[in-house]
Amino acid sequence: MASKKLYIKTYGCQMNVYDSARMTDVLAPLGYAVTDTAAGADMVILNTCHIREKAAEKVYSDLGRLRELKQEKDANGETLLLGVAGCVAQAEGDEIARRAPFVDMVFGPQTYHRLPEMVAKATGRKTVLDTEFPAEPKFDQLPVPSAAQGVTAFLSVQEGCDKFCTFCVVPYTRGAEYSRPAASVIAEAKALVALGVRELTLLGQNVNAYHGEGLDGREWSFARLIRALAEIDGLARIRYTTSHPNDMDQDLIAAHGDLPQLMPFLHLPVQSGSDTVLEAMNRKYTADDFRRVVDRLRQARPDLALSSDFIVGFPGESDADFEATMALVREIGFAMAYSFKYSRRPGTPASVIAKQVAEDVKTARLDALLALLVEQQRAFNAAQVGCELDVLFAAPGRHDGQVMGRSPYLQAVHVEAGEQVSTLIGKIARVRVLSAATNSLSGELLAPRPISSSGEAAA
Ligand code: SAH
Ligand code: SF4
Ligand code: F3S
């Protein structure tokens, strides 16, 4: 019986979302059940992100508030265990323990299976610090999920990064690249499907660099892993993120053409359209290499849409370099994208480049890029009006009788479904798109059809 309450606040990428769910699973046998406020909790964990300065700063302001909550609870004779997990914990563990000694546990992303020991050691006197990269991979020690949050789920298959882009902290916070054995990935996928999950997003910092032990004892590529997952009955949709352009091999491109479960929407970060900047970033491809990868993907899957990540104001980026990024965006056309001002991260090679770009220049470039990307996103959504899409319904909508789902392109789709709302959740049905906004579509239900085990609505 759960007697204690756990609140986890998650920042950063999907991998942290996944990790937070696994921490919940690890703590359940200790009597912790999830709650949605810090105030009602016996344990609060901040699962943090170090990717940009702003993300990292949030941790200390949140800790200030939690300190007060902890003091109030102490005064009432209650206890609050405070933990800081994730990438800030990994990068600045000692500093957190020094600046915020009231934190009970500080632990890095590779240690979550050891949480029960840390909780036992947390006496309230001294911060328990665990930021090692243990020899035993955490995945093999974590329990299989026992409860799913809904019809979609994340599944980490690869973690860490050996690419060392000059701006990025991930190789330092997540450690070396590691691929889980296919058997444990498949077991977890089956468990999730049995819990009602219909769409899986496979996660990794470089998910398509996956090279884990296969069911036959040999090394499997990412494409091979996806093909095995596509055989799971009831798993209708497969996505993956984040992929690196250099790891987009022919096998994986071919899988996009062959597998109806593999959704035609791909997040493929390019960062910049300038070869000079790409080289300084250590991305190890040119803008033309990226164009060629996109061409091959579109040949394999003509209805493929793309999203991407961009950094503006990387040290040394000139007006001409930035124009090259704008030109690439115009040429490729993105269904959506994330763009960021370059943020100087301590310990990374780019942070010590002398020619940093002025803040106002970064702001102007970000505004220009965002305007172009939003225009493309609107155009992409508007182009769906009048079309039919398969929608996986996930949750009730904004008002009674409305239901919300996701298109193959991950667009939120709202549909008026009257009495059918609850029967539609977890199912895929054909929808005609009636109108489009920047971030969502509205549509009408065509006759709902049962999903086939192979994927989208059966014909
Ligand atoms: N592995 C992925 C990216 C993971 S980080 C890849 O290689 O594409 C997610 C995104 O954050 C990156 O794509 C990049 O656009 C952005 N990012 C990473 N470090 C950054 C920094 N120092 N400043 C600004 N944006 C950054
Ligand atoms: Fe960071 Fe580059 Fe690795 Fe992506 S590939 S996680 S940007 S170092
Ligand atoms: Fe942030 Fe760590 Fe993810 S730095 S983006 S939480 S890998």
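The values are calculated or read from the model by the stated rules, or taken from the named source; none is laboratory data. On a predicted model such as this, the values are computed, not experimentally measured, just so you know. As a convention, Cβ positions derive from the backbone with ideal geometry for all residues, glycine included, and neighbour counts pool all protein chains shown. Surface areas here come from the heavy atoms of the whole protein model, side chains and all, with no ligands, DNA or RNA. Shrake-Rupley method; radii C 1.70, N 1.55, O 1.52, S 1.80 Å.
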Practice task
Mind listing the long-range amide H neighbours of D130? Cut-off is under 5 Å, sequence gap 5 or more, other chains count too, H placed in the peptide plane at 1.01 Å from N.
Solution key: V106, F107, G108
Practice task
For G426, enumerate residues with amide H under 5 Å from its amide H, sequence gap 5+ or separate chain, H modeled in the peptide plane.
Solution key: F393, A394
Handout entry: Three semi-axes of the equivalent ellipsoid, the chain, Cα gyration tensor, whole Å, largest first
Key = 34, 30, 23
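Given an 8 Å cut-off on Cα distances and at least 6 residues of separation, report the relative contact order of the chain as a percent. Could the numbers behind the result be given before it?
Numbers: 945 pairs, mean separation 46.4, N = 459.
The normalised contact order for the chain reaches 10 percent.
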Fill in the blank from the handout: Each label sits 7 Å from Cα toward the beta-carbon; between E419 and A358 the label points are separated, in nm, by 6.7
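Can you tell me how much longer the chain between A33 and A371 gets when fully stretched, taken as 0.36 nm per residue apart minus their C-alpha distance, in nm with one decimal? Kindly include the intermediate steps, with their values, before the conclusion.
On the way: separation 338, 0.36 × 338 = 121.68 nm, distance 4.32 nm.
Extra length from A33 to A371 when fully extended: 117.4 nm.
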Problem - Centre separation in Å (Cα based) which lies between segment 158-217 and segment 34-74 - result: 28
Completion exercise
Given a 1.4 Å probe, the accessible area of the chain per residue, as a whole number of Å², is 43
Exercise for the section: Taking the Cβ of D319 as the centre, find all other residues whose Cβ is under 14 Å away and add up their charges (Lys, Arg: +1; Asp, Glu: -1). Expected result: -1
Exercise for the section: Hey, can you grab everything whose amide H is under 5 Å from the amide H of T35? Only 5+ residues off in sequence or another chain; H modelled, so Pro and N-termini drop out. Expected result: L6, Y7, I8
Exercise for the section: With a point put 7 Å past each Cα toward its Cβ, work out how far Y338 is from E117 in nm, to one decimal. Expected result: 3.2
Practice task
Calculate, for F164 and E136, the FRET efficiency according to 1/(1 + (r/R0)^6) with r their C-beta to C-beta distance and R0 25 Å; round to the nearest 0.05.
Solution key: 0.50
Fill in the blank from the handout: Cα gyration tensor of segment 1-138 diagonalised, 5x eigenvalues square-rooted, in angstrom largest first, produces semi-axes 20, 18, 15
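Tell me the Kirkwood radius of segment 1-51: reciprocal of the mean inverse pair distance over distinct alpha-carbon atoms, in Å.
Numbers: mean 1/r = 0.0899 Å⁻¹.
For segment 1-51, inverting the mean 1/r across all distinct Cα pairs yields 11.1 Å.
At a threshold of 8 angstrom on Cα-Cα distance, excluding pairs fewer than six apart, so keeping six or more, what relative contact order does segment 168-263 reach in percent? Could the numbers behind the result be given before it?
Numbers: 115 pairs, mean separation 29.3, N = 96.
Result for segment 168-263 is 31 percent.
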Handout entry: Most to least packed among 268-279, 347-358 [average Cβ atoms within 10 Å]
Key = 268-279, 347-358
Completion exercise
Note, segment 416-426: 3J(HN,Hα) by Karplus (6.51, -1.76, 1.60, θ = phi - 60°), whole Hz, Gly/Pro = x, goes 7, 10, x, 5, 7, 3, 6, 6, 7, 4, x
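Nearest 5 is fine: what % of DSSP beta bridges in segment 211-319 come out antiparallel, could you say? Present the calculation step by step, with values, prior to reporting the outcome.
Values: 3 of 8 bridges.
Looking only at bridges with both residues in segment 211-319, the antiparallel portion is about 40 percent.
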Fill in the blank from the handout: The percentage of the accessible area of the chain (probe 1.4 Å, all protein chains present) made up of carbon and sulfur atoms, to the nearest whole number, is 52
Practice task
Let me have the 222 nm mean residue ellipticity of the chain computed from DSSP H runs of 4+ only, each contributing -39500 (n - 2.57), with the sum over all residues rounded to the nearest 500.
Solution key: -10500 deg cm²/dmol
Handout entry: Radius 13 Å from Cβ of Y178, net charge of other residues (Lys, Arg +1; Asp, Glu -1)
Key = -3
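Say R0 is 35 Å: what FRET efficiency, to the nearest 0.05, do R65 and S146 get from their beta-carbon distance?
Numbers: r = 31 Å, r/R0 = 0.90.
Computed FRET efficiency for R65 and S146: 0.65.
Quick check on segment 75-191: take the gyration tensor over C-alpha atoms, sort the square-rooted eigenvalues as a ≥ b ≥ c, and tell me if it's rounded (a/c under 1.5), prolate or oblate.
On the way: a/c = 2.24, a/b = 1.34, b/c = 1.67.
Note, shape of segment 75-191 comes out oblate.
By how many nm would the segment from Q402 to D258 grow when fully extended, if each residue of separation counts as 0.36 nm and the alpha-carbon distance is taken off?
So the chain would gain 48.4 nm between Q402 and D258.
Could you calculate the contour length gain from S351 to H211, that is, 0.36 nm times the residue separation minus the distance between their Cα atoms, to one decimal place in nm?
On the way: separation 140, 0.36 × 140 = 50.40 nm, distance 3.12 nm.
Between S351 and H211, full extension yields an extra 47.3 nm.
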Handout entry: segment 346-433, relative contact order [Cα under 8 Å, separation at least 6], %
Key = 26
